[in-house]
Every structure is written in C-alpha cells, then in structure tokens.
Amino acid sequence: MTTDLTGTYGPWGVVAGGSDGVGAAFAHAMAARGMNVVLVARRVPVLEAFADEVRSRHNVEVRTVALDLSTSTALSELVTATSDLDIGLFVYNAGGDDRSADFLDKDLDTHLSLVHRNCTNVLEAAYRFGGPMVERGRGAMVLLTSGAAWAGGAHLAAYGATKAFDLILAEGLWAEWSGSGVDVLGLVLSATDTPSMHRVLGPAGSTRPLADPADVANEALDHLGDGPTWIFGAENPTGGSPLGALSRRDAVVMMSGGKVSAPR
Ligand SMILES: NC(=O)c1ccc[n+]([C@@H]2O[C@H](COP(=O)([O-])OP(=O)(O)OC[C@H]3O[C@@H](n4cnc5c(N)ncnc54)[C@H](OP(=O)(O)O)[C@@H]3O)[C@@H](O)[C@H]2O)c1
C-alpha cells in the first residue's frame, strides 16, 4: 500500500545527496506522492537541472541547497536554508565511495572527508532535523547504508566502517524514538544502478544485475514504519545479516574477496 507521506509525516522532505542515483529516485518518489522536496548536492548545474525535472514532472515545490556534506558547517547551513519549512521526512542519502582502494593508498584527508559526510553529518542531521520531529510527534528519517556494513573487508575498510555507523545509529534511534511518532529506517542496499556505482565498476560494468533506484526508493517509502532495518532485495528484508551464520573471521575473508593471503 502506498504510504500517505504528507498526511503522515508533513509537507516537506529533504534528500541530502538528491541530484542523481538513489537520491534522485527518492526525490521523484516523494514528489510523486505529493511531497515538496529540498534537494542537497554540490554540483550546481546538475542539481538545478534535476530540480527542474522534478518540478516539471510533479506538481510540487522544489528547493535546492548547494553545499558539501563533508564540511563541518553543512548541517547548520541546511537548517538555516530550511528554517521556514515543516520538514516531515529526511533522507540522508549521500554516502557512496566511488574509488575502492587499499586504506593506505588513499590520502588521509579523503578518509576524513568520507567520515565527516557519512558519520558526523549523519549524526548532526539526525540531531538537528530529528529533534524537531520528535518534538512535533511526527516525522521519518531514512539513513542509507550498505551490505559493506555487515563485516570489514579489504579495499573498503573506511567505507564499510562508516556504513556500520549509519546502520547502528539508525537502529538505536529507531529504538529511542519508537512511540514518539517518528519512524527511523536504516536502508541497506547492495549493488544499485547509479552513476556512483558505475564509476566504481568502470567500463567493464557489472557481472550481476544491479538494483533499480526507483524500486529502492518506492519500497523504502512503503516501509518507513517497518524499521529499524530494511534490506532491499533480501528474501527477508527485516531479517538479520546474511553473513550471520559465519564466524567474524570468515565473514571478513568473504567480504575481502580473495585479498586475505593466508587465513588461519
Ligand atoms: N549504488 C550502490 O550500488 C550502493 C550500494 C550500497 C549502498 N549504497 C548507498 O546508497 C547511497 C546512495 O548511493 P548512490 O550510488 O546513489 O551515490 P552517492 O554518491 O552516495 O549519492 C549521489 C548523490 O549525492 C550527492 N553527494 C555526494 N557527495 C556529496 C557531498 N559531499 N555533499 C553533498 N552532496 C553529495 C551527489 O551530488 P554531487 O556529486 O553533485 O554532490 C548526488 O546527488 C549511499 O549512501 C551509498 O553508500 C549504494
């Protein structure tokens, strides 16, 4: 059943990282259900062109906020830019890592920027936007996470760690805010057909089918109240980790895809 987004949560939604990929799909799906949207991203021409597309396809208001979610002022800037709006749904989408490499082959600033965008500012978004929702007694937050959160793995040590942070943060907030009228969903994705994923895959592309971002967004919006965790594409989307039957070591070896030289 299609969720009545505006009736349940409020008239406006924010998509942090909302100009392409999964974020763009969320924006379309929210707007198609009558929700006005605030779209956040860095590349202004892409953001503005996408905002025009949403306006022309759906009869809703669209506000753009160009900022970099890896900076320490991003969330306070976003609060200021949206202070006149009744925000009922916040989707923290931006989080992909489009260059998978060994930990020491990336510079430290790249890692710190990833942590700021994927952890510090996710927490700040939950605090600054979730707080007013709890006060009002209605709202929803979706934190995007990944199968990379299930266990550590070579080439994605920092990325996987940030996604585990998002997963656990979503689950904890879901528990704390249960009964408050605010739904929290940690949305776990596996390979999905987005520009960011195609940058990771390179020209060779994928050997396995990629999920459709529109399916991801619509399914998540239909299950905002079915948290704490929704595993898109899983046989049991509210079930546990698919690696749960393995020892931690075997899970890490599996995630590392042949990189571990001599597992004992
Ligand atoms: N795609 C997959 O296969 C996959 C698999 C598992 C999990 N996920 C998770 O799903 C989420 C969405 O992934 P995605 O593939 O759609 O790509 P993504 O790179 O996470 O998101 C792209 C969107 O976020 C914006 N963005 C990225 N960095 C930003 C920053 N520092 N500040 C502001 N905006 C920023 C981009 O616009 P600008 O570049 O213009 O800023 C664009 O609108 C992520 O959290 C990712 O971890 C994806």
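The values are calculated or read from the model by the stated rules, or taken from the named source; none is laboratory data. For clarity, every value in this text was computed on a predicted model and none was experimentally measured. Note that we place each Cβ from the backbone using ideal geometry, even for glycine, and neighbour counts take in every protein chain shown. When the accessible area is computed, the model is the full protein with side chains, heavy atoms only, and any ligands, DNA or RNA have been set aside. Shrake-Rupley method; radii C 1.70, N 1.55, O 1.52, S 1.80 Å.
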Seminar exercise, completed: Picked from segment 98-116 (must be open to solvent by 40 Å² or more (accessible area, probe 1.4 Å) and touching a helix residue (DSSP H, G or I) at 6+ places or on another chain (Cβ under 8 Å)), the residue farthest from the ligand (Cβ to nearest atom) is Phe103
Problem set entry | Ser76 surrounded by fewer than 15 Cβ atoms within 10 Å (Cβ to Cβ) and either touching a residue at least 12 places away in the same chain (Cβ under 8 Å) or within 16 Å of the ligand (Cβ to nearest atom) (or both) | yes
Seminar exercise, completed: Taking segment 132-180 and keeping only residues that are open to solvent by 60 Å² or more (accessible area, probe 1.4 Å) and farther than 30 Å from Asp102 by Cβ, one is left with Glu135, Arg136, Arg138, Trp174, Glu176, Ser178, Gly179
Exercise. Quick check: anything in segment 234-243 of a type in the set (Gly, Ala, Ser) and crowded, with 18+ Cβ neighbours inside 10 Å?
Worked result: no
Problem set entry | Given (1) closer than 19 Å to Gly139 by Cβ; (2) surrounded by 13 or more Cβ atoms within 10 Å (Cβ to Cβ), index of the condition Gly95 fails | (1)
For this session: Evaluate the following for Val200: is it of a type outside the set (Lys, Arg) and part of a strand (DSSP E or B)?
Result: no
